[in-house]
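See below for the structure under consideration.
The values are calculated or read from the model by the stated rules, or taken from the named source; none is laboratory data. The shown structure was predicted, so the numbers you read here are calculated from the model rather than taken from an experiment. Here Cβ is always computed from backbone atoms with ideal geometry, including for glycine, and neighbour counts include all displayed protein chains. These area figures cover heavy atoms from the full protein model, side chains too; ligands, DNA and RNA do not enter into them. Shrake-Rupley method; radii C 1.70, N 1.55, O 1.52, S 1.80 Å.
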Amino acid sequence: MAVSAPVDATKTLAWEALKAHYDALQAEGISLKDWFAADPDRVSKLTFQAGDLHFDLSKNLITDETVKLLADLGRACGVEERRAAMFAGEHINTTEDRAVLHTALRRPAEQKGQLIVDGQDVVADVHEVLDRMYAFAERVRSGEWRGVTGKKIEHLVSIGIGGSDLGPVMAYEALRPYADAGIDCRYISNIDPNDMAEKVKGLDPETTLVIIVSKTFTTLETLTNAREVKAWMLEQLKAAGAIDGSDEQNAEAIAKHFVAVSTALDLVADFGIDPENAFGFWNWVGGRYSVDSAVGLSLIIVLGPERFQQFLAGFRAIDEYFENTPLEENVVALMGLMNVWYVNFFGADTHAVLPYTQYLHRFPAYLQQLTMESNGKQVRWDGSAVTCHTGEVFWGEPGTNGQHAFYQLIHQGNVMVPADFIAFANTHNPAQDNGQDVHELFLGNFLAQTKALAFGKTAEEVRAEGTPEEIVPARVFTGNRPTTSIFGDTLTPFALGELIALYEHITFVQGTVWGIDSYDQWGVELGKQLAKQITPAFHDDEALAAQDASTRALIEYYRAHRQ
Ligand SMILES: O=P(O)(O)OC[C@H]1O[C@](O)(CO)[C@@H](O)[C@@H]1O
C-alpha cells in the first residue's frame, strides 16, 4: 500500500487554531499558579497512567483547550493513520523502502501467523531468534558454554556503535541490580584506540566472550575494533600458552570466544564467526530502535531470559496503550504533541530528560540518538522541505548532579527548556543518614525542582525574606517553566522497557506531525564518505592537495606534530 503524502502541518486549520490559542494565552499571560488556582481538577485532568507508569502533565503550559487542539493537530497530520500503518508493517520508511516494525520485536509468541510482512511471518521470525538467544544465554550463564581452555565465561565485551551500542549500554547500566550470573559486560564503541585499550585492561581472555554487534556488519568503527579485539584475544591466549597460534587453534578460539549479532549473516561468516554463533535481525528494525532485538544479546546473558522477557513485556504494555488510546487521552501521543507545541510555538530548541535515579545515567545519551537521528531533518518523507523547526536537542544528566551544573539555566535562563523528570518510588539501595531516608531526600529534590520551575518565586517573596533590594532581581524565579513528571514504582526491566517504548513513540508522533521519515539517517553519510577520502592525506601529498584550505592546514599541523 502506498504511503500517504505528508501533510504540511503549518497549513492545517489545527495549526492555525493552535497559533491563535498560543497568542491568546500570551496576551492573557501564562501563569501556572493562576491555572492551578482556577481549576481544582487540573491535576486529575492532566494525570495519566500508561502501563504501570504514572504521568503528571499538569506543570506544562497547556490548558484543556491546548490538549484538544494538539489532538486535532495530530489527527490533521495523520498520526492515527500512520500509527496504524507502522504497526501493520507498511513501508513507512520511504527513503529506504522499509517497514518500521520494532513493535513486532515485543509481540508475544501467541501472535505468530498474525503479522505477515513482505511474505514473512514476522512474529515467528522474532521468536525463532529469541528462543536461540535464550538457549545460548542459558548455556553461558550456567557455565555449560566454556572458553577454549575450559573456563566459565565471566566477562562479556560487546563491540558496536550507535544503535548497536547505546541501547545495550544504557540498559545494562539501568538494570545492574538484576545482573545475577556473575557476568559483567564492557562496551567498546569509539574507533579511538583508547576506548578499547581501557576496556580490555585487566580482562582475562580465557573467561571473556566477545559479542560483535552491527546491523550492517560494515561499520568502520565496529569492524576495526572487532579485528583489534580478535588480534588481542589470539595474542593473549597464545602468550598464556592456551593456544599454539596455528590456524586451527585460532579458529577454535574464535568459535569459543566470538559471537555476532547482525542482519548481514554472510559478512559475519566472512569474519570467521560460525553461523551457529550468530543471531540475526531484520532491515525493518532501525539501529536506534533495536535494543529489544538480538542487539540486546549482552543483556539476555547478563540478566537472564526471564528478565529480558519482562523487559519486552514493558515495551509491549506501552505499544498497546499507544496503539489503542484516543489521542486526547493518550499520554504518549500528548507528550509528542506537547514537544511540537514547545518547539514550534514557544521556540524551544532543546528538551531536557532528567532521571532521578543514577541507574538511568546513560538514558539521555541513548535518547539523543533515538530522537535526534530520527527527527533532525529538513525534508519530509516525500522530499519536500519542512516549513517549521524540527528536531530539538535532547540532553540531560541524572538527579542532583544536574541540579549542581545546569539547572541554573533551566530556572533563570532566558530560553525555554521543557523537561521530563523521571523518578521511582523505590530504590534498589535503601540508605539512612542520621535517621533520614536518603531516597526520600533525593525524591524531595525531584519534587522541589519541578515545583520551583512551575511556580517560581516573586520579587515580593524574595523581599519578604529580607533580601537587599539591589539583589532582588537576581533572586527572582519567573516560574512557568514546563515539566512533565514520570513516576514509577521501581526501575525494573519492565519499567525500562516501558520508558524506551514511550520515547520511541514520542519520537514517532513528532516526526509524523513534521512529515519526517524518522527511520532513515542520511545525515550521517557525508562525514563517513569524507573520512575515507581524507584519511590517506595524512601521508599522501596528492590526497592532501585535494583538500580544502582549512582541512589541509589541520593535516599539516598533524604532520608537523605526530611523533
Ligand atoms: O549497527 P551498524 O550497522 O554497525 O550501525 C551503527 C550505527 O550507525 C548508524 O548507521 C549511524 O552512522 C546508526 O544509525 C547505527 O545505529
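Among 513, 371, 135, whose Cα lies farthest out toward the positive end of the dipole of the chain, if unit charges sit on the beta carbon of Lys, Arg (+1) and Asp, Glu (-1)?
My answer, from the dipole projection, is 371.
In the full protein assembly as shown, how much of residue 279 is accessible to a 1.4 Å probe, in Å² to the nearest 10?
0 Å²
Go through 68/377; 112/215; 33/377; 377/457; 199/532 and tell me which ones have a Cα-Cα distance over 30 Å in this structure.
33/377; 377/457, as the Cα separations exceed 30 Å there.
Through the Karplus equation 6.51 cos²θ - 1.76 cosθ + 1.60, θ set to phi - 60°, convert the phi angles of segment 549-562 into ³J(HN,Hα) values in whole Hz; use x for Gly and Pro.
Once rounded to whole Hz, the list reads 4, 5, 4, 4, 5, 5, 5, 5, 4, 4, 4, 6, 9, 5.
Work out, step by step, the length gained on full extension between residue 535 and residue 433: first 0.36 nm times the residue separation, then minus their alpha carbon distance; give nm to one decimal.
31.2 nm
Applying 1/(1 + (r/R0)^6) with R0 = 22 Å to the Cβ-Cβ distance of residue 10 and residue 43, what FRET efficiency is obtained, to the nearest 0.05?
Efficiency, rounded to the nearest 0.05: 0.10.
Rounded to the nearest 5, what % of the DSSP beta bridges within segment 416-563 are antiparallel ones?
Of those bridges, close to 35 percent are antiparallel.
Which whole-Hz couplings ³J(HN,Hα) result when phi for each residue of segment 383-391 is put into the Karplus expression 6.51 cos²θ - 1.76 cosθ + 1.60, θ = phi - 60°, listed in order with x for Gly and Pro?
For segment 383-391, the Karplus-derived couplings read x, 6, 6, 6, 10, 9, 5, 10, x Hz, x marking Gly and Pro.
What residues of segment 521-563 lie in the reach of a label at residue 95, counting those whose backbone N is under 12 Å from a point 7 Å from the Cα along Cα→Cβ?
Label zone hits: 521-526.
Expressed as a whole number of Å, what is the distance separating the alpha-carbon centroids of segment 215-247 and segment 382-414?
Cα centroid to Cα centroid, the span is 40 Å.
Roughly to the nearest percent, how much of the accessible area of segment 522-561 is carbon and sulfur, given a 1.4 Å probe?
On segment 522-561, the fraction of accessible area on carbon and sulfur atoms equals 61 percent.
Rounded to the nearest 500 deg cm²/dmol, what is the calculated helix-only ellipticity per residue at 222 nm for the chain, with -39500 (n - 2.57) per DSSP H run of length n ≥ 4?
-13500 deg cm²/dmol
Rounded to the nearest 20 Debye, what is the dipole magnitude of the chain about its Cα centre when Lys and Arg each give +1 and Asp and Glu each give -1 at the C-beta?
540 debye
Do any trypsin sites (Lys or Arg not before Pro) in segment 459-563 lie in a DSSP loop with no more than 13 other beta carbon atoms within 10 Å, and if so, which?
Here the trypsin sites (Lys or Arg not before Pro) that fit, given the DSSP loop and packing criteria, are 562.
Set the Förster distance to 56 Å, then compute FRET efficiency between residue 425 and residue 550 from the Cβ-Cβ distance, nearest 0.05.
0.55
Remind me, relative contact order of segment 324-445 in percent, using alpha carbon pairs under 8 angstrom and six or more residues apart?
Rounded, it is 33 percent for segment 324-445.
Using the crude model of +1 on Lys and Arg Cβ and -1 on Asp and Glu Cβ, and no other charge, please compute the dipole size for segment 183-224 relative to its Cα centre, in debye to 20.
Using only the charged Cβ atoms, the result is roughly 140 debye.
Roughly what % of DSSP beta bridges within the chain run antiparallel, to the nearest 5?
35 percent
7 Å from Cα along Cα→Cβ at both residue 324 and residue 36: what's the point-to-point distance in nm?
3.5 nm
Using the alpha-carbon atoms, what tilt in degrees (0 to 90, nearest 10) does helix 122-142 show relative to the longest principal axis of the chain?
Orientation of helix 122-142: about 60 degrees from the principal axis.
Determine which residues of segment 1-34 fall in the zone a paramagnetic label at residue 81 would reach in this model, i.e. backbone nitrogen under 16 Å from the point 7 Å along Cα→Cβ.
1-14, by backbone N distance to the label point.
Which of 404, 175, 77 sits farthest toward the positive end of the charge dipole of the chain, with +1 on the Cβ of Lys and Arg and -1 on the Cβ of Asp and Glu?
After comparing all options, I get 404.
How many Å² of accessible area per residue for segment 522-561, probe 1.4 Å?
That works out to 78 Å² per residue.
Using a simple charge model, +1 on the beta-carbon of Lys and Arg, -1 on the beta-carbon of Asp and Glu, nothing else, what dipole does segment 104-305 show about its Cα centre, in debye to the nearest 20?
About 420 debye.
Placing +1 on the Cβ of each Lys and Arg and -1 on the Cβ of each Asp and Glu in the chain, which of 544, 108, 308 has its Cα farthest towards the positive end of the resulting dipole?
544
Which of the lysines could be linked to residue 201 by a straight reach, that is with a Cα gap under 18 Å, when you skip same-chain ones fewer than 8 residues away?
230, 238
How much of the accessible area of segment 104-305, probe 1.4 Å, is carbon plus sulfur, in whole percent?
Summing carbon and sulfur atoms, their accessible area is 48 percent of the total for segment 104-305.
Taking amide hydrogens as modeled 1.01 Å from N in the peptide plane, which residues meet the under 5 Å criterion relative to residue 357, leaving out close sequence neighbours?
It is 399, by chain and number.
Specify the longest stretch of the chain that does not include any exposed loop site, a site being one of the GluC sites (Glu not before Pro) with a non-H, G, I, E, B DSSP assignment and at most 14 other Cβ atoms within 10 Å.
Here the longest run is 145-464.
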